[in-house]
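The values are calculated or read from the model by the stated rules, or taken from the named source; none is laboratory data. Just so we're clear, the structure is a prediction, and the values are computed from it rather than from any experiment. Cβ: placed from backbone, ideal geometry, glycine included. Neighbour counts: every protein chain shown.
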Amino acid sequence: MKQYLKKPMFYIIVVPAAAGLWMLYSWMIAYPASVTKYQNSKTQYDEAQNLIKQILTLEPQRLNFKQDKNETAAFDYTNVIDQFTKDFNIAPDNYTLNVRGITKREGKSVKGADLSIKAIDIEKLCK
């Protein structure tokens with residue numbers, strides 16, 4: 001073992017120096033970073049609270065909505081796709097719709113679909 005590790009004078013100097021360096025790091029780097037993180041999270045929290053208040057004033061019925069575990073939500077892909085393609089003037093030959101079968105996820109029945117759009121007239125879409 002190193003000889004300087006056995007001498008008490010080494011610890012009398014190193015321990016206070018390490019504590020001093022830790023104090024400087026905490027005071028100059030860690031504390032200001034934690035304050036800025038706190039301020040950022042506080043502003044995000046305030047924004048989220050404002051959004052929640054807006055949702056509650058516009059649609060208070062969302063608080064009372066509960067879906068049974070056995071109940072499946074009725075969702076028709078064809079109506080949504082038809083409305084979407086009509087709104088953006090997408091021809092039926094320019095997209096494909098792949099509907100997946102019903103699967104169980106977290107005790108609920110889930111049905112998914114993929115919409116692949118081949119070509120879009122960007123001028124019509126922007127208008």
Q.
Quick check on the range 94-122: of everything there that is hydrophobic (A, V, I, L, M, F, W, C) and not in a strand (DSSP E or B), which residue is surrounded by the fewest Cβ atoms within 10 Å (Cβ to Cβ)?
A. Ile122
Q) Can you name every residue in the range 1-25 that is of a type in the set (S, T, N, Q) and modelled with pLDDT of 95 or more? A) none
Q) Which residue out of Thr78, Thr85 is in contact with a Phe, Trp or Tyr (Cβ under 7 Å, 6 or more places away or on another chain) and at pLDDT below 85? A) Thr85
Q. Any chance the range 56-67 includes a residue that's modelled with pLDDT under 85 and among the β-branched types (Val, Ile, Thr)?
A. no
